[in-house]
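The values are calculated or read from the model by the stated rules, or taken from the named source; none is laboratory data. As the structure is a prediction and not an experimental result, all values here were calculated from the model. Note that each Cβ is placed from the backbone with ideal geometry, even for glycine, and that neighbours are counted across all protein chains shown.
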Amino acid sequence: MHPAFLYLPGQRLTIPELSAARLDGHLVDLGEGYIPADLVESASARAAALAPLVPADTAASGPTAAWIHGAGDTPPAHHHVRRAVSHRIRPALPARVILHDTALPPSDFVVIGGVPVMTPERTMVDLALGLHRDGSLHRWMVLLADAEPDLISAALRELERMTRVPGKRAGRGALERILVRTR
């Protein structure tokens, strides 16, 4: 997506100007910004709209990555980022951003719209593994599976390769139930 189509508050237009354009039907809100009403919402548009919330040396993960990859219509209330470098970082984070301080290998993220984002396969695996701690992740698993149905089988294969990982049994069960529902 060309940056000229993304309007972030305070850059080219003020919040009152953006709100007026939204009320007039010229713009629609997307993440932290606005896009023209007739522009197709894509993964690159979603990622670029969240760029102000993703600090350097991190990648969008969890529900945030799922939303970028097409899960659901609205972004999550709290955004998740994960460290994308091997060394520890201490970014200044807004209250709505949660940092998961485990390193993400370069093979597990892609750059979309200028923002590092966890791959769809790794996103599904992480959502499944986190399900035993946070039941709300199930909704994002279902939405991501609706957007990309092949991810369920890929995530199940990846879980089978993992050994001694917390949440594996609960994640596998949830993925199998979603797989049965989609058939």
Would you say T64 is crowded, with 19+ Cβ neighbours inside 10 Å, under 12 Å from the mean Cα position of the chain (by Cα) and either at pLDDT 95 or above or more than 15 Å from M118 (Cα to Cα) (or both)? yes
Looking only at region 2-17, and only at residues there that are over 19 Å from G113 (Cβ atoms) and surrounded by 12 or more Cβ atoms within 10 Å (Cβ to Cβ), the one that is nearest to the chain's Cα centre (by Cα): L13
Within region 156-183, restricting attention to residues that are among the hydrophobic types (A, V, I, L, M, F, W, C) and in contact with a Lys or Arg (Cβ under 9 Å, 6 or more places away or on another chain), which residue is farthest from T123 (Cα to Cα)? M162
Note down all Cβ pairs under 7 Å where the first residue falls in region 110-134 and is closer than 14 Å to V165 by Cβ, the second is of a type in the set (V, I, T) and not in a strand (DSSP E or B), and they're at least six residues apart or on different chains. L129/V165
Inside region 31-43, can you point out the residues that are surrounded by 14 or more Cβ atoms within 10 Å (Cβ to Cβ) and either assigned to a helix (DSSP H, G or I) or without any contact (Cβ under 8 Å) to a residue 24 or more places away in the chain (or both)? E41, A43
Scanning region 84-99 residue by residue, those in contact (Cβ under 8 Å) with a residue 24 or more places away in the chain and either farther than 24 Å from A155 by Cβ or in contact with a Ser or Thr (Cβ under 6 Å, 6 or more places away or on another chain) (or both) turn out to be A84, V85, I89, P91, A92, L93, P94, R96, V97
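Okay, residues lined up against (1) β-branched (V, I, T); (2) at pLDDT below 95; (3) farther than 21 Å from A43 by Cβ:
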site: V81; (1), (2), (3): yes, no, no
site: M118; (1), (2), (3): no, no, no
site: W140; (1), (2), (3): no, no, no
site: L144; (1), (2), (3): no, no, no
site: R183; (1), (2), (3): no, yes, yes
Of the conditions (1) farther than 27 Å from E158 by Cα; (2) in contact with a Gly (Cβ under 9 Å, 6 or more places away or on another chain); (3) crowded, with 17+ Cβ neighbours inside 10 Å, R46 clears all except one; give me its number. (1)
